[in-house]
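The values are calculated or read from the model by the stated rules, or taken from the named source; none is laboratory data. Everything numeric here is computed off the predicted structure, so don't read it as measured data. Here the Cβ positions follow ideal geometry from the backbone for every residue, glycine too, while neighbour counts run over all protein chains shown.
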Amino acid sequence: MTVYLVGAANSALVKIGHSRTPEQRLTDLQAGSPLRLSLLATWPGGQEMEARLHIWFVDERRHGEWFDLGSAPVERVDAAQAQIRQSEQRLPAVPLTQAHVDWFPDDPPAVPTHPKLARVLVRAGEGG
């Protein structure tokens, strides 16, 4: 599986997703978009990393799986993934259940898997 980032030249919004075939997924997304989309980046990973990134960038979510990550979205996702992986190495693993992976977009899971997630959940009124 691959985590991907899709965006358009004249839009600040990017989509964080996962797919076995990101190029085909881009084609599918393009069919429903009035803007010319491009595959900005791909990384090793799957549904769990995608879910963790959605949670990481919860404050930047604008619509569905589309986020406003500013002028350097690839660099922001790179940095977030590095911090998530580093947190997973330092902390005891708290596996995401299927319910957490399926979450989207309104009810974040209440399982703090890394420090930023715990802060997000507390701010959202769902953590301890």
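Here GLU65 passes the criteria (1) touching a strand residue (DSSP E or B) at 6+ places or on another chain (Cβ under 6 Å); (2) at pLDDT 95 or above; (3) within 13 Å of ILE16 (Cβ to Cβ) except the one numbered (2). Only residues that are surrounded by fewer than 14 Cβ atoms within 10 Å (Cβ to Cβ) and part of a loop (DSSP other than H, G, I, E, B) were counted across the range 55-88, and they come to 4.
Checked against the criterion of being among the acidic types (Asp, Glu) and touching a Pro at 6+ places or on another chain (Cβ under 8 Å), the candidates GLU60, GLU65 yield just one match: GLU65. For the range 1-51, filtered to residues that are among the hydroxyl-bearing types (Ser, Thr, Tyr) and part of a strand (DSSP E or B), the residue that is surrounded by the most Cβ atoms within 10 Å (Cβ to Cβ) is TYR4.
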